[in-house]
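Bear in mind that the values in this text are calculations on the coordinates, not laboratory data. As the structure is a computational prediction, the values presented were derived from the model and not from experiment. Glycine gets a Cβ as well: all are built from the backbone with ideal geometry, and neighbour counts include every protein chain shown.
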Amino acid sequence: MKLLRRFNWMSLIAFTFLAFFLSKPASAQFPDSLALFVVADDINPNAAEQAISARLDNMGFIVEYVDDDNVTDGSADGMSLVLISGTVVSGNVAGNMPGLKDLAVPIINWEPALYDNLGFQNEGTGEFNTTEISIINPDHPLAAGLPEDIITITTTEKAVSFGTPLGDVVIIAVNVSDETQALPLWLRYGRCNGTGLGQCTGAARGHLLTE
């Protein structure tokens with residue numbers, strides 16, 4: 001789901017990497033680390049995907065695009081990070097990566113229909129129409145310095161995807177009208193203890209809004 005916003009969405013990307021890799025000194029960045037970027041068209045990535053890739057390049061990552069038709073669980077072997085674009089067909093990724101939930105690699109996801117496949121909830125997602133979201137966790141880096149308040153994210157009403165993540169999840173923003181509906185700005189850290197839904201992912205998982 002793509003939105004026009006009044007704040008700098010690229011800062012969210014930078015903060016996400018810091019949150020995922022707190023054990024690394026900020027000055028070290030990630031030289032020669034491999035990042036797998038799952039997209040709808042690995043030959044012609046769109047402008048947003050190219051901008052994210054450029055940001056990763058600046059941080060020292062070597063980015064490898066893979067088409068959602070061709071990706072497999074094995075594509076993540078040797079990767080330090082996996083990114084899943086909102087352009088993918090969720091059924092392709094889910095079908096080609098049955099072990100997605102348990103990959104021992106941090107994942108940043110922009111495709112709401114994969115929330116269940118990533119182990120966050122029983123079903124995919126829902127939508128509501130809005131121009132605003134409510135920031136409830138302003139101290140977290142993913143809030144990008146925004147206050148605990150209602151924030152305008154688009155000048156015209158748009159359909160916004162939401163999830164109802166289970167387990168030990170850090171939620172950053174919610175639907176202004178229904179706080180049980182979490183916006184795709186959340187994280188889960190580390191490996192799981194247990195096998196239940198909402199308890200088990202292979203490594204850190206993050207879900208973000210994009211433009």
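Just flag the GluC sites (Glu not before Pro) in segment 87-178 sitting in loop per DSSP whose Cβ has no more than 16 other Cβ atoms within 10 Å. In loop regions of segment 87-178 (DSSP not H, G, I, E or B), the sparsely surrounded GluC sites (Glu not before Pro) are Glu123, Glu148, Glu157. Around the amide H of Ala173, modelled in the peptide plane, lie the amide H atoms of Ile136, Leu183, Leu185, all under 5 Å away and 5 or more residues distant in sequence or on another chain.
Taking neighbour Cβ counts within 10 Å as the exposure measure, how do Phe128, Phe37 sort from fewest upward? Present the calculation step by step, with values, prior to reporting the outcome.
On the way: Phe128 16, Phe37 22.
Ascending Cβ contact count within 10 Å gives the list Phe128, Phe37.
What separates the Cα centres of segment 27-81 and segment 97-173 is a distance of 21 Å. Which parts of segment 112-151 would a label at Glu179 reach, counting a residue when its backbone N lies under 16 Å from a point 7 Å out along Cα-to-Cβ? Flagged as within label range: 133-139, 148-151. Shape verdict for segment 69-171, please, from the Cα gyration tensor: rounded (a/c under 1.5), prolate (a/b greater than b/c) or oblate. Because a/c hits 1.5 or more and a/b exceeds b/c, segment 69-171 counts as prolate. For the peptides 103-110, 162-169, residues were scored by their other Cβ atoms within 10 Å and the scores averaged per peptide; the highest-first order is 103-110, 162-169. Over segment 24-94, the ratio between the Cα radius of gyration and 2.2 N^0.38 Å evaluates to 1.11.
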